[in-house]
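The values are calculated or read from the model by the stated rules, or taken from the named source; none is laboratory data. Worth saying up front: this structure is predicted, and the values here are computed from it rather than measured. In this analysis, Cβ positions are derived from the backbone assuming ideal geometry, glycine residues included, and neighbour counts consider all displayed protein chains.
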Amino acid sequence: MTSALPRVTVVMPSYNHINYVEQAIRSILDQDYPDIELIVIDDGSTDGSQNFIRQLQQSLGFTFIEHGTNQGLNPTLVEGFTAGTGLYTAVLASDDALLPGKLRRQVAYLETTEKAGVYANGLKLWEDGKTESIDLSVVARRFTEGRMRNHAYVNDVQAPLFQSGLFRKEAIIDLLPYRVRYKSDDWIILIKLLENYDIGFINEPMFLYRQHINNTYRSYWKMFPARLEIAATAIPDVFRAEAMSNILYSQAQFLLVDGQYSMGMRLWLTALVMKPRLSIVTETVRSVFRRTLRKKL
C-alpha cells in the first residue's frame, strides 16, 4: 500500500561513533512517519562501526554505504543528498538522535505552509544522560519579525542547527556548491536558504544534540578561519563589521573557558571596538560562567 504522504530522506554521515550510532539509527526508524528512506554513509571509521552498522542494516533495513578511506563530511553529505529519492531531505549526525514525532510534525508544517524548509530547536544531551534546553528565543523572534536573514548575516552561534531541519530536496541540491566551497558549511547554508527560499522555524525541541569531547565546535581554532572566510566573502558590506565582531566575541568565550585569559581578553576587546554592544559584558560573564561550570561538572 502506497503512502499518500511524501517520502522523507534522512542522510546520516557516520564516523567513529560506534557507541552512539545505534541510538541515532533507531531514533529515525522509530519515527511515526510512514515513508522514511534512511541512508547511512560510514566515512572510513576505524572503531568497528562499519561491521556494527552492517549488522544493524540486516536486522532493521536501510541503505548503507561504506567508504574504505575517510573522505570528509562534505563529500559524504553530497553523496547522500544526491542519492536520496525523497521529496524532503534531513540530515542527522551519527552521535545525535531525533525526538519522537519530529518528521511527522515538520512534514505537516511544510505541506501546510508550502515553505521550502523548516528549522527547529533541540536539546543538548550530555554524557551523563541529562538534557539541557537550547535558548533560541531570539531566533524565534527574528523569524516571526521576518528579520532572520539579517540576524543570520551577523550571528553564526545563536542560530538553528542544520540537523534540526527538514528541507525540500531541490533546495538542498541547489546549494551543494556552497557546501563544497565553504568549510563552515552550516552557516553558509542557513544564509543561502534564507536568501533564496521561504524558510520557517518551530521553536520546540525535535532532536538531541550530543555533547562530548569530539564535537566539532570544540575545535574552535580549526573552525575560526572557516567562519572568517564566510564573513569576508558572503556577508553584505553593511553587516560585515558586526559579523566579524560576533565571531571574535564567541572565539574569546572559548578561550576564556579554556583558561587562555590573555588571548581571550584581546579578542574580546577587539570585538567590542569593532561593534560596541551594551550587552556584551553581561553576555560574556554569563556565557563563561555557564561553560566553566559545565566543564567542571
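May I ask you to list the residues in segment 152-175 that are at pLDDT 95 or above and assigned to a helix (DSSP H, G or I)?
Ala152, Tyr153, Phe162, Gln163, Ser164, Lys169, Glu170, Ala171, Ile172, Ile173, Asp174
Restricting attention to segment 101-128, which residues are among the polar types (S, T, N, Q) and within 17 Å of Gln163 (Cβ to Cβ)? Even if it seems obvious, please write down each step before you answer.
Taking segment 101-128 as the starting set, the residues that turn out to be among the polar types (S, T, N, Q) are 106, 112-113, 121.
Result: Gln106, Asn121.
Can you spot a residue in segment 83-96 that is of a type in the set (Asp, Glu) and within 23 Å of Tyr15 (Cβ to Cβ)?
The initial filter retains those residues of segment 83-96 that are of a type in the set (Asp, Glu), namely 95-96.
Now restrict to residues that are within 23 Å of Tyr15 (Cβ to Cβ): 95-96.
There is at least one residue in segment 83-96 that is of a type in the set (Asp, Glu) and within 23 Å of Tyr15 (Cβ to Cβ).
What's the number of the only condition in (1) in the same structural domain as Leu98 (by TED's automatic domain parsing); (2) surrounded by fewer than 16 Cβ atoms within 10 Å (Cβ to Cβ); (3) aromatic (Phe, Trp, Tyr) that Phe162 fails to meet?
Among (1) in the same structural domain as Leu98 (by TED's automatic domain parsing); (2) surrounded by fewer than 16 Cβ atoms within 10 Å (Cβ to Cβ); (3) aromatic (Phe, Trp, Tyr), Phe162 violates only (2).
Test Gly129 against the criterion of being over 20 Å from Arg7 (Cα atoms), in a strand (DSSP E or B) and of a type in the set (Gly, Ala, Ser), and give yes or no. Quick ask: steps written out before the conclusion?
Working: over 20 Å from Arg7 (Cα atoms): yes; in a strand (DSSP E or B): no; of a type in the set (Gly, Ala, Ser): yes.
Spelling it out, it is not the case that Gly129 is over 20 Å from Arg7 (Cα atoms), in a strand (DSSP E or B) and of a type in the set (Gly, Ala, Ser).
Please give the number of the condition Leu103 fails out of (1) in contact (Cβ under 8 Å) with a residue 60 or more places away in the chain; (2) out of contact with any Phe, Trp or Tyr (no Cβ under 6 Å at 6 or more places or on another chain); (3) surrounded by 14 or more Cβ atoms within 10 Å (Cβ to Cβ).
For Leu103, the exception is condition (2).
Given Val138, Val118, Val157, which one is farther than 19 Å from Asp96 by Cβ and β-branched (Val, Ile, Thr)? Explain how you work it out, then say what you get.
Values: Val118 fails: farther than 19 Å from Asp96 by Cβ; Val157 fails: farther than 19 Å from Asp96 by Cβ.
The match here is Val138.
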